[in-house]
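Q: Take this structure first; my questions come after.
The values are calculated or read from the model by the stated rules, or taken from the named source; none is laboratory data. Predicted model, so just to flag it, every value in this text is computed and none were measured. Here the Cβ positions follow ideal geometry from the backbone for every residue, glycine too, while neighbour counts run over all protein chains shown. We work out accessible area using only protein heavy atoms, side chains counted, and drop any ligands, DNA or RNA first. Shrake-Rupley method; radii C 1.70, N 1.55, O 1.52, S 1.80 Å.
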Amino acid sequence: MEDQPDFKAGIRFDTLEENQPLTGSFGNQEVTVVRQGQQAYAVSARCTHLGADLGTGLVAEGEIRCPFHHARFDLRTGEATGAPAITPLGCFQVEITDGLLRVTGKRAPAAEPQGAAPKEKIVIIGAGAAGHALADRFVTAGQGAKVTLISEDAEAPYDRTFVSKQVLSGMKAPEAAALPFAHPHNPQPVLLRGISARKIDRQARQVHLSDGQILEYDSLVLATGAVPVRPDFEGADHAAVFTLRTLSDARAIMARAETARSVVVLGSSFIGLEAAGALAAEGRKIHVVTRDQVPMEKTLGREIGHFVQRQHESDGVAFHLGTTLTGFDGAQVTLENGHRLEADLVILGIGVAPDLTLAKEAGLDLAEKENGVLVDAQFRSSDPAIFAIGDIANYPACDGSGRLRIEHWAHAADQGAHLAAYLMGQTDQPFDRIPFFWTKQGDAQLRYVGHGVPSQGVRVDGDLAEKDFAAHIRGSFLHGALLTCNRDMEALQTERDWEA
């Protein structure tokens with residue numbers, strides 16, 4: 001912090017640019033200051049998600065936004081207002097006298113509006129990004145005790161993005177993935193772990209659980225997420241064949257990988273390639289087998305797909321394109337083209353499908369080809385007492401271009417936060433958050449804003465070889481999508497501009 005401004009000693013107020021965050025020191029703490037008109041706000045400098053410097057972020061609409069993964073924080077209260085962050089920032093007292101700005105100490109954040117009390121019984125099925133975020137907003141508003149959160153996973157709620165990005169590579173311990181509630185001292189929801197919902201009785205407004213409990217509800221929220229697609233090939237049920245969705249999956253793969261010398265990843269999905277990258281170390285040979293001729297071409301376009309492939313090939317990953325597995329005997333896989341590869345471990349990464357089991361059995365209206373539960377702009381299903389959020393929600397796009405079903409962690413959490421605000425009477429506006437996700441491919445960090453269709457056209461600005469580029473992907477949603485590498489501010493500014 002030696003080169004940073006000393007906010008305790010003070011800096012000239014007129015040197016601060018409007019809405020331009022500046023990180024400095026206050027004693028042994030890092031603080032980010034933002035000037036707005038003739039006043040200033042000061043908050044903790046590090047994003048509570050993964051510690052990015054908010055001084056390199058963006059200020060818009062009274063929020064400061066993280067350059068890494070676009071988390072948002074209210075400058076006035078410090079509260080996390082946009083995923084993937086949950087824990088609020090610390091707030092600091094600012095004094096401006098004789099043209100000098102000084103930070104004088106920590107302050108209590110401004111009180112959050114509580115909103116109207118929700119209906120007495122809120123039941124949420126699923127404790128992933130969407131379900132947890134919904135419950136967390138009730139906790140923040142002091143209404144957590146009105147909520148029951150049902151999790152089929154025996155683990156406490158956790159950040160699933162850690163599974164393939166940090167835990168599998170050994171960068172973070174599984175415990176680091178735990179999802180807290182932003183205000184742990186407020187009344188908490190009832191959390192039922194390792195229990196599944198078996199039946200919804202819409203007429204009685206009851207949920208029947210696997211342990212025999214029957215829960216009554218006034219509002220029921222389905223946040224059941226997605227399940228990995230499991231292809232059918234000889235040996236697909238072998239003990240060395242894994243999906244990667246849960247912390248339990250990651251632990252099992254890591255245990256098997258300790259002695260594995262050759263790993264086959266089936267599929268070039270984001271999860272599949274992140275898994276390949278995470279395991280491409282310690283002398284292991286990694287093979288990616290995919291029906292795609294170019295990895296991720298359908299999602300990111302041919303040019304970026306080739307870039308992603310080169311990223312992994314530089315780490316020693318071998319690609320087998322235009323084919324799939326037909327068999328696995330515990331020591332080798334057989335490909336559709338007849339080739340055989342040594343394999344101590346097989347990871348299935350060909351994608352996921354929305355978990356619609358409960359929704360279908362309850363008779364809710366589904367989108368064409370079972371592409372999610374049809375909901376309105378407040379995530380209400382065809383039953384006005386039942387809502388659907390996250391991976392299963394097929395909702396109207398905010399620009400009127402059609403309907404979307406998005407499988408992004410942060411977007412699911414933002415849906416949960418929006419629904420909480422609606423149920424507590426804090427908003428009646430339609431959901432309008434721009435989709436966003438991030439991925440690590442090799443040593444390249446990619447940010448994706450919007451929703452594009454590469455077959456409609458992709459324009460790349462910048463230098464792929466230098467990992468400094470922006471890809472503009474056309475699509476019907478707004479202006480399509482923007483994919484960036486090492487252009488964090490461009491991604492933030494584009495997201496802000498599209499929101500406007």
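Q: Which pairs have Cβ atoms under 7 Å, sit 6 or more apart or on different chains, and link a residue in the stretch 40-51 that is more than 21 Å from Ala176 (Cα to Cα) to one that is small (Gly, Ala, Ser) and not in a strand (DSSP E or B)?
A: Filtered contacts from the stretch 40-51: Val43/Gly78; Val43/Gly90.
Q: If you take the residues in the stretch 319-349 that are aliphatic (A, V, I, L, M) and in a loop (DSSP other than H, G, I, E, B), which one is least open to solvent (accessible area, probe 1.4 Å)?
A: Of everything passing the filter in the stretch 319-349, Ala343 is least open to solvent (accessible area, probe 1.4 Å).
Q: Those residues that are of a type outside the set (A, V, I, L, M, F, W, C), open to solvent by less than 50 Å² (accessible area, probe 1.4 Å) and either under 29 Å from the mean Cα position of the chain (by Cα) or on the phi < 0 side of the Ramachandran plot (or both), I need them from the stretch 232-246; list them, please.
A: Thr243, Arg245, Thr246
Q: Still on this structure: Go through the stretch 31-51 and give me each residue that's assigned to a loop (DSSP other than H, G, I, E, B) and surrounded by 20 or more Cβ atoms within 10 Å (Cβ to Cβ).
A: Ala45, Cys47, Thr48, His49
Q: Right, next: Which condition breaks for Arg474 when tested against (1) touching a strand residue (DSSP E or B) at 6+ places or on another chain (Cβ under 6 Å); (2) farther than 22 Å from Ala85 by Cβ?
A: (1)
Q: Name the residue, out of Glu274, Glu258, that is of a type outside the set (A, V, I, L, M, F, W, C), open to solvent by 30 Å² or more (accessible area, probe 1.4 Å) and out of contact with any Phe, Trp or Tyr (no Cβ under 8 Å at 6 or more places or on another chain).
A: The conditions single out Glu258.
Q: Given the structure, is Val308 in contact with a strand residue (DSSP E or B) (Cβ under 9 Å, 6 or more places away or on another chain), in a strand (DSSP E or B) and surrounded by 17 or more Cβ atoms within 10 Å (Cβ to Cβ)?
A: no
Q: Give the residues of the stretch 251-267 that are in contact (Cβ under 8 Å) with a residue 12 or more places away in the chain and under 13 Å from Leu345 (Cβ atoms), sorted by residue number.
A: Residues satisfying the conditions are Ile253, Met254, Arg256, Ala257, Thr259, Ala260, Arg261, Ser262, Val263, Val264, Val265, Leu266.
Q: Report whether or not Ala154 is open to solvent by 40 Å² or more (accessible area, probe 1.4 Å), touching a residue at least 24 places away in the same chain (Cβ under 8 Å) and either assigned to a loop (DSSP other than H, G, I, E, B) or not aliphatic (A, V, I, L, M) (or both).
A: yes
Q: Something else: Across the stretch 160-173, what is the total count of residues that are under 13 Å from Arg245 (Cβ atoms) and outside any helix (DSSP H, G or I)?
A: Counting residues in the stretch 160-173 that are under 13 Å from Arg245 (Cβ atoms) and outside any helix (DSSP H, G or I) gives 2.
Q: On the given criteria, is Asp14 open to solvent by 20 Å² or more (accessible area, probe 1.4 Å), in a loop (DSSP other than H, G, I, E, B), of a type in the set (D, E, K, R) and farther than 20 Å from Ala413 by Cβ?
A: No, not satisfied.
Q: What are the pairs, 6+ residues apart or on separate chains, where a residue within the stretch 268-289 that is over 21 Å from Thr246 (Cα atoms) and in a loop (DSSP other than H, G, I, E, B) has its Cβ under 6 Å from a residue that is aliphatic (A, V, I, L, M) and open to solvent by less than 30 Å² (accessible area, probe 1.4 Å)?
A: What qualifies is Arg284/Val263.
Q: Hey, another quick one. Residue under question is Gly363, and the condition is that it be outside any strand (DSSP E or B), more than 28 Å from the chain's Cα centre (by Cα) and within 23 Å of Pro396 (Cα to Cα); does it hold?
A: Against the criterion (outside any strand (DSSP E or B), more than 28 Å from the chain's Cα centre (by Cα) and within 23 Å of Pro396 (Cα to Cα)), Gly363 qualifies.
Q: For the stretch 8-35, which residues satisfy the criterion of being on the phi > 0 side of the Ramachandran plot and in contact (Cβ under 8 Å) with a residue 40 or more places away in the chain?
A: Passing the criteria: Gly10, Asn19.
Q: Next up: Which of the numbered conditions does Thr427 fail, given that it passes all the others? Conditions: (1) free of Cβ contacts under 8 Å to residues at least 12 places away in the same chain; (2) out of contact with any His (no Cβ under 9 Å at 6 or more places or on another chain); (3) not aromatic (Phe, Trp, Tyr).
A: Every listed condition holds for Thr427 apart from (2).
Q: Sort out for me the strands (runs of 3 or more DSSP E) sitting completely within the stretch 184-239 that have 2 or more residues that are touching a residue at least 24 places away in the same chain (Cβ under 8 Å) and of a type in the set (Val, Ile, Thr).
A: Here the list is empty.
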